[in-house]
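What follows is a short report on a single structure.
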Amino acid sequence: MLKKTLLAGLALSLALVGSAIAADPIKIVYIGKNTGNPYFDSITGGFQDACKKLGCEFEFVAPATAEATSQIPFIEAQIQRGVNVIGIAPNSPDALNQVLDQAKAKGILVLTVNGDLVGNESHRDATILPVDFTKTGPNQVELMGSMIGYKGDIAILSATTEAPDQNTWIKAMNETLKNDAKYKDMKLVATVYGDDQPEKSTTEMEALLSNYPNLVGVIAPTTVGVAAAAQVVQQRGIADKVHVTGLGLPSEMKDFIKDGTVKAFQLWSPYNEGWLAVHFALGVLDGTIKNEVGSTFEVENLGKITIAEKNAMNTQAELTTFDASNIDNYNF
């Protein structure tokens, strides 16, 4: 009798432990490119709100700088911690392959969010991008062209030399300028890199103005770079001579739009990337979403999401253009 009672008690204890384990919330981490970059605050907000609503744990971590290998120890730490999902904005298209493979081997769902492992997509499970990045470069060229009458010397102020997303856009910009007759009178004279650091981006912008006296436009496809470029133009009072556009945060660019330093810039809603990432990850983990090309699923506030080629998802169809007519409508 005593033996049966002990066995029954042990079975109950094991059941309670199993239940507690099953009830543990899913742990999601997002690894940004670098700290001190306000762009990631909005993405993080989407992660946080979705986890609050759906019942998962979330943490944001990032290295101090955006070098190609700076994220590796952060990925290793999360593998050791035993998280369920790693989301990452990769600083390199290939430097992270081995450590991400280690994460996947441990059963961790690996998502690139706001940038992809271009050419190395097999080392992650899926990617969540704001828009179709193949359109971003041509859209930026067109916006700049409309500002300068499709004529004159222009330059690009980017993030780091290895940033996969920026390099995808820059390649498309070069191809668009070279192959589309509409832009035959626009000449790209330089591409420089501010490493997503305000000080270095400012220095690079000042160097462009010194080295290319005939410069009429600068495209900065990075929120840090476009704000730095705009500030230099504002301080020098040369907005009528040098036009700045790029990818920026409305909250950081509003004053430049209001005083005429910048006529227009583009972006998307970074918040929606974090929101989608959580919904997708939890759906994949509980089996309600199939991570297969062609699969569709519904996400609150975003509608129907389709998993496209290379397991990629977008949160919106096209870039949003911000100018004096709509800048007050946005607060991220």
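Derivation of every value follows stated rules applied to the coordinates shown; laboratory data play no part. Keep in mind the model is a prediction, meaning the values are calculated, not measured. Reconstructed Cβ throughout: ideal geometry from the backbone, glycine too, with neighbour counts over all protein chains shown.
What you get for the chain, charging only the Cβ of Lys and Arg (+1) and of Asp and Glu (-1), is a dipole of about 520 debye around the Cα centre. Remark: the Ala308-Ala207 segment gains 32.3 nm on full extension, using 0.36 nm per residue and subtracting the alpha carbon distance. Across the options Ile305, Ser70, Gly46, the greatest Cα extent toward the positive end of the charge dipole of the chain (unit charges at beta carbon of Lys, Arg, Asp, Glu) belongs to Ile305.
Distance from the C-alpha centroid of the stretch 101-153 to that of the stretch 295-324: 13 Å, rounded to the whole angstrom.
Listed from fewest to most Cβ neighbours within 10 Å, the set Thr176, Thr127 follows the order Thr176, Thr127. Computed across the stretch 51-170, the Kirkwood hydrodynamic radius from all distinct Cα-Cα pairs reaches 16.0 Å.
Positive end of the dipole of the chain (Cβ unit charges, origin at the Cα centre): among Thr202, Gly283, Gly248, the Cα lying farthest that way belongs to Gly283.
Here the alpha carbons of the chain define both size measures, Rg and Dmax, at 22.8, 95 Å. State the answer as a single residue: which of Ala159, Val216, Asn314 lies farthest towards the positive end of the charge dipole of the chain, with beta carbon charges of +1 for Lys and Arg and -1 for Asp and Glu, about the Cα centre. Farthest towards the positive end: Asn314. Under 13 Å of direct C-alpha separation, and excluding same-chain neighbours fewer than eight residues apart, Lys263 reaches these aspartates and glutamates: Asp240, Asp255, Asp323. Pairs exceeding a 32 Å alpha-carbon distance, out of Lys106/Lys135; Lys178/Lys310; Lys151/Lys254; Lys53/Lys258: Lys106/Lys135; Lys53/Lys258. Net charge of the neighbourhood of Asp94, taken over other residues with C-beta under 13 Å away and scored Lys/Arg +1, Asp/Glu -1, is -3.
Short to long, the 10 Å bins of the Cα pair-distance histogram for the stretch 133-267 hold 14, 50, 33, 3 percent of all pairs.
Within the listed set Gly145, Gly246, Gly119, the residue fluctuating most in the Gaussian network model of the chain (springs between alpha-carbon atoms under 10 angstrom) is Gly119. Each 5 Å bin from 0 upward holds the following percent of the Cα-Cα pairs of the stretch 285-332: 4, 16, 19, 20, 13, 10, 10, 6, 2, 0. For Lys290 and Thr134, a Förster radius of 30 Å and the Cβ-Cβ distance give a FRET efficiency of 0.75, rounded to the nearest 0.05. Dividing the mean sequence gap of close Cα pairs (under 8 Å, 6+ apart) by how many residues the stretch 110-234 holds gives a relative contact order of 28 percent. Its Cα centre serving as origin, the stretch 108-208 has a Cβ charge dipole (Lys and Arg +1, Asp and Glu -1) of approximately 440 debye. In the chain, the DSSP-assigned H stretches of four residues or longer account for a calculated mean residue ellipticity at 222 nm of -14000 deg cm²/dmol, using -39500 (n - 2.57) per stretch and the full residue count as denominator.
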